[in-house]
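Chemist: Right, I'll just put the structure down here and ask away after.
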Amino acid sequence: MVPFPRLHFFMSGFAPLTSRGSQQYRALTVPELTQQMFDAKNMMAACDPRQGRYLTVAAVFRGRMSMREVDDQMLHIQNKHSGSFVEWIPNNVKTAVCDIPPRGLKMSATFIGNSTAIQELFKRISEQFTAMFRRKAFLHWYTGEGMDELEFTEAESNMNDLVSEYQQYQEATADDEGEFEETQEEA
């Protein structure tokens, strides 16, 4: 799930996200569940996965369904949206099926993805931090407890480096492999 040590931030999702009472009136299929699981509306992070590429994905399906149908649907999603998955990490989608459905549902899917789209979230935090740090808002609370202003600028620099690293791997192709090995050795 973590191909590079610094890129360990996951996006989680769940399907179906419906109100408690409405579920009993609608029979859900594995294709619908899989589609919903990858949908931005079902993500628990405030970023759109379509703005990045998946490095790795893990999906846990619960309920009565065949493993073959789940694997077929996951393969279908990967083929249909091949641009959303990096091609230079082989077998980057893992699935599991648990026969016991969650309470109150016939079937569900839990999603954990390592996507470069998470950089949106870090950019947003960085912009908000920069605006507040420029005004020195709340800074006295931290310096009064022993923190140094330099620690804040160092943290900001770390976050900007993290965003750059996510961008680097988002734009990477299988042909760039040698370049990554060189940069990893230099670091």
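Chemist: Label 7 Å along Cα→Cβ of A96; segment 111-127 residues with amide nitrogen under 17 Å?
Modeler: The answer is 111-114, whose backbone nitrogens lie closer than 17 Å to the label point.
Chemist: On to the next question. Once you charge only the Cβ atoms, +1 for Lys and Arg and -1 for Asp and Glu, what is the size of the charge dipole of segment 48-112 about its Cα centre, to the nearest 20 debye?
Modeler: The calculated dipole for segment 48-112 is roughly 220 debye.
Chemist: To the nearest 10 degrees, how steeply does helix 67-80 sit against the main Cα axis of the chain, on a 0 to 90 scale?
Modeler: Rounded to the nearest ten degrees, it is 50.
Chemist: Under 8 Å for C-alpha pairs, at least 6 residues apart: give me the relative contact order for the chain, rounded to a whole percent.
Modeler: 29
Chemist: Provide the gained length on full extension for the span D161 to K136, in nm with one decimal, where the gain is 0.36 nm per separating residue minus the Cα-Cα distance.
Modeler: Computed gain between D161 and K136 is 6.8 nm.
Chemist: What do you get for the angle between helix 119-134 and the principal long axis of the chain? Use alpha-carbon atoms, 0 to 90 degrees, nearest ten.
Modeler: 30
Chemist: What's the longest piece of the chain with no exposed GluC sites (Glu not before Pro), counting a site as exposed if DSSP puts it in a loop and it has at most 15 other beta carbons within 10 Å?
Modeler: In short, 1-86.
Chemist: Also, I was wondering about something else. List S19, S115 from most exposed to least, where exposure is judged by having the fewest other Cβ atoms within 10 Å.
Modeler: The most exposed by this proxy come first: S19, S115.
Chemist: Return the percentage of antiparallel bridges among DSSP beta bridges fully within segment 11-118, rounded to the nearest 5 %.
Modeler: Antiparallel bridges make up about 70 percent of those DSSP assigns within segment 11-118.
Chemist: Considering the dipole of segment 11-118 built from charges on the beta carbon (Lys and Arg +1, Asp and Glu -1) around the Cα centre, which of S12, I77, M107 is farthest to its positive end?
Modeler: M107
Chemist: In square nanometres, what is the average projected area of the Cα convex hull of the chain?
Modeler: If I average the Cα hull's projected area over directions, I get 14.1 nm².
Any read-out appearing in this document is the output of simple, stated calculations on the displayed coordinates, not a laboratory observation. Predicted model, so just to flag it, every value in this text is computed and none were measured. We place every Cβ from the backbone using ideal geometry, glycine too, and count neighbours over all the protein chains shown.
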